[in-house]
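*Asks:* Have a look at this one.
Nothing in this text is a laboratory measurement; each read-out follows from the coordinates by a stated rule. Model, not experiment: these values are computed from the prediction. All Cβ positions, glycine included, derive from the backbone under ideal geometry; neighbour counts span all protein chains shown.
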Amino acid sequence: MADITLLDGSIGQELVIRSGDRPTPLWSTQVMIDHPKLVGEVHLDYFKAGATVATTNTYAVLRDRLKRVGLEDQTGYLTETAVRAARKARAASGGEGRIAGSLGPLIASYRPDIFPPFEEAVASYSEPVAHMKDHVDLFLIETASSVAHAEAAMAASTGHGVPVWLAVSVDDFDGTHLRSGEPVGDLADAVAKYAPDAVLVNCSRPEAVGAALDIVKSFGRPFGAYANAFTKISDGFLSEFPTVDALEQRADLGPAAYAAFAMGWVAQGASIVGGCCEVGPNHIAELAQQLTAAGHRIV
């Protein structure tokens, strides 16, 4: 059997749900400002469920997003707040596990059409990388929806003595293509150039993940996946300054159903699995149980 790294599940969406507040374009960053204790509670619940990686609540803590609401001068403070919450939760759970510094999409998620030019994007990512590089165990580039996005984020996060994991988001109904429409295979040159320590598929419908992994595994890097539980990324969410209430949670993807998908990815050779939006601690606990029952070792 295999050694499997078990990621946590949704951080941002879980915070929004637990807060009970009306969603805002700042998403989980607003929740962290208004309810800072919730962040540590979410991390701790995932560790208790069996996760061995805590992903920082920094997905949307980016200067270009904060600037829209006049909070760009809080970028460093909010990054430090998020990282500190993850580290404290790890300590409270016994001190085991890794902290993944999340690097979310610039400007907006699932919008490769408005991703900045390469040099601008590298400069933008260099700020959170500088804030986190001495305090996290790895960088997790999340929801990269185009080759250009993946390249810029890897260029900014590579070379700092911190492992880099690249996670890409694929078309909801055709996992052989990124959300940009580019074939997943077009990532091969960038992966060869920057040599990330793992290549993952994230924030996509679980039904699309398997086809993507069949391609990703050819890159010769450790690979895995963590899917979402949205029905799809709606047109409403692709508008300017969207809020998550434009997205619909699936009713057919409970813990057992989600774990069945993840176990399929493990059967394909994935060594890193977990969950993304709308996949919570109960899902991760079920996945941990199924992994153990199948004879895998969670590391």
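*Asks:* Tell me the relative contact order for the chain as a rounded percent, counting alpha carbon contacts under 8 Å between residues six or more apart. Walk me through the numbers on the way to the answer.
*Replies:* Numbers: 659 pairs, mean separation 64.8, N = 299.
Relative contact order comes out at 22 percent.
*Asks:* Okay, next question. Pick out, from Ser146, Thr158, Thr292, the residue whose Cα sits farthest towards the positive end of the charge dipole of the chain, with +1 on the Cβ of Lys and Arg and -1 on the Cβ of Asp and Glu.
*Replies:* Thr292
*Asks:* Output the peptides 201-211, 182-192 sorted from most to least packed, where packing is the average of other Cβ atoms within 10 Å over each peptide's residues.
*Replies:* On the way: 201-211: 22.9, 182-192: 17.0.
Top to bottom by mean Cβ count within 10 Å: 201-211, 182-192.
*Asks:* Still on this model: Sorted by packing (mean other beta-carbon atoms within 10 Å per residue), highest first, where do 104-117, 262-275, 139-152 land? Numbers along the way, then the final one.
*Replies:* Numbers: 104-117: 18.5, 262-275: 21.5, 139-152: 24.9.
Answer by packing, highest mean first, reads 139-152, 262-275, 104-117.
*Asks:* Using bins 5 angstrom wide from zero, how does P(r) for the chain break down, in % of all Cα pairs?
*Replies:* 1, 6, 13, 18, 21, 19, 14, 6, 1, 0, 0
*Asks:* At 0.36 nm per residue, minus the direct Cα-Cα distance, what do Ala2 and Ala192 gain on full extension? Give it in nm, one decimal, please.
*Replies:* 65.9 nm
*Asks:* Starting from the Kirkwood Rh over alpha-carbon pairs, what translational D in µm² s⁻¹ does segment 42-193 have by Stokes-Einstein at 25 °C and 0.890 mPa s? Walk me through the intermediate numbers first.
*Replies:* Values: Rh = 15.9 Å.
Translational diffusion coefficient: 154 µm²/s.
*Asks:* What are the extents of the Cα atoms of segment 1-114 along their three principal axes, in Å, largest first?
*Replies:* Largest to smallest, the principal-axis extents are 46, 31, 25 Å.
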